[in-house]
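Okay, structure first, notes after.
Bear in mind these aren't lab numbers, they're just calculated from the coordinates by the rules spelled out. None of these values were measured; they are calculated from a predicted model. In this analysis, Cβ positions are derived from the backbone assuming ideal geometry, glycine residues included, and neighbour counts consider all displayed protein chains.
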Amino acid sequence: MSIACENPEFRLLGDERGSLIAVEAHKDIPFAIARVYYIFGTKEGVERGFHAHKELKQVAVAVRGSCIMKLDDGSEQQDILMNDPAKSVYIAPMVWHEMREFSEDCVLLVFADQAYDESDYIRNYTQFLEAIEQQGKNT
Ligand code: T46
């Protein structure tokens, strides 16, 4: 089983002038987009993320350059090479994620279904595993 819900590839609208990708909510992204942010200028060797979201749904795409996104649902882990502006990854709630090996030119664009809320983050891996276990008991 794969944790990495890779979205269907975004449609490339290219012509002789170059490339263009359009992203629409509920079509290319499986939710209404409430927030967009992008990570760029990440220093060499830096690792980011190291958290899960309780409820937030996100779709990430490396629109330039590359990085590796590690997804972990508490039982399985998967490394995904993000190096294609047409390839996106769905980060479901309660999936621990870490990003590493950013190329110098990497721009990681993220679409989210909610506004920023620090209380939605689980930034401690032990607490993440406990929350996953608790979820399992409640279902
Ligand atoms: C995620 C991964 C993929 C805000 O004030 N508003 C925002 O919308 C965001 C995303 C961040 N911030 C603040 C919070 C921190 O003080 O910006 C600072 C850096 O955020 P953080 O350390 O959480 O960055 P990353 O790269 O570790 O994680 C980010 C997102 O925060 C997170 O939701 O899933 O990218």
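Remark: spin-label model distance LYS43-ARG64 equals 2.1 nm, labels positioned 7 Å along the Cα→Cβ axis. The stretch between ASN124 and ILE21, if pulled fully straight at 0.36 nm per residue, gains 33.5 nm over its current Cα-Cα span. Arranged from fewest to most other beta-carbon atoms within 10 Å of their beta carbon, SER88, SER119, SER75, SER66 become SER119, SER75, SER66, SER88.
The mean sequence separation of alpha-carbon pairs under 8 Å and at least six residues apart, normalised by the residue count of the chain, gives a relative contact order of 33 percent.
Please say if the chain is rounded, prolate or oblate, where rounded means a/c under 1.5 for a ≥ b ≥ c the square roots of the C-alpha gyration tensor eigenvalues, and otherwise the choice is prolate for a/b larger than b/c and oblate otherwise? Prolate shape, in that a/c is at least 1.5 and a/b is the bigger ratio.
The aspartates and glutamates whose alpha-carbon is closer than 14 Å to the alpha-carbon of LYS43, local same-chain residues fewer than 8 away aside, are GLU101, GLU104, ASP105.
Counted by neighbouring Cβ atoms within 10 Å, the residues TYR125, TYR116 run from fewest to most as TYR116, TYR125. Axis angle, to the nearest 10 degrees, between helix 125-138 and the longest C-alpha principal axis of the chain: 70 degrees. Bridgeable lysines around LYS27 (alpha carbons under 30 Å apart, same-chain partners fewer than 8 residues away excluded): LYS54, LYS57, LYS70, LYS87. Here the sum of -39500 (n - 2.57) over DSSP H runs of 4 or more residues, divided by the residues of the chain, equals -3000 deg cm²/dmol at 222 nm, to the nearest 500. What does the C-alpha gyration tensor say about the overall shape of the stretch 15-71? Classify as rounded when a/c is under 1.5, otherwise prolate if a/b is larger than b/c, or oblate. Cα axes put the stretch 15-71 in the oblate bin.
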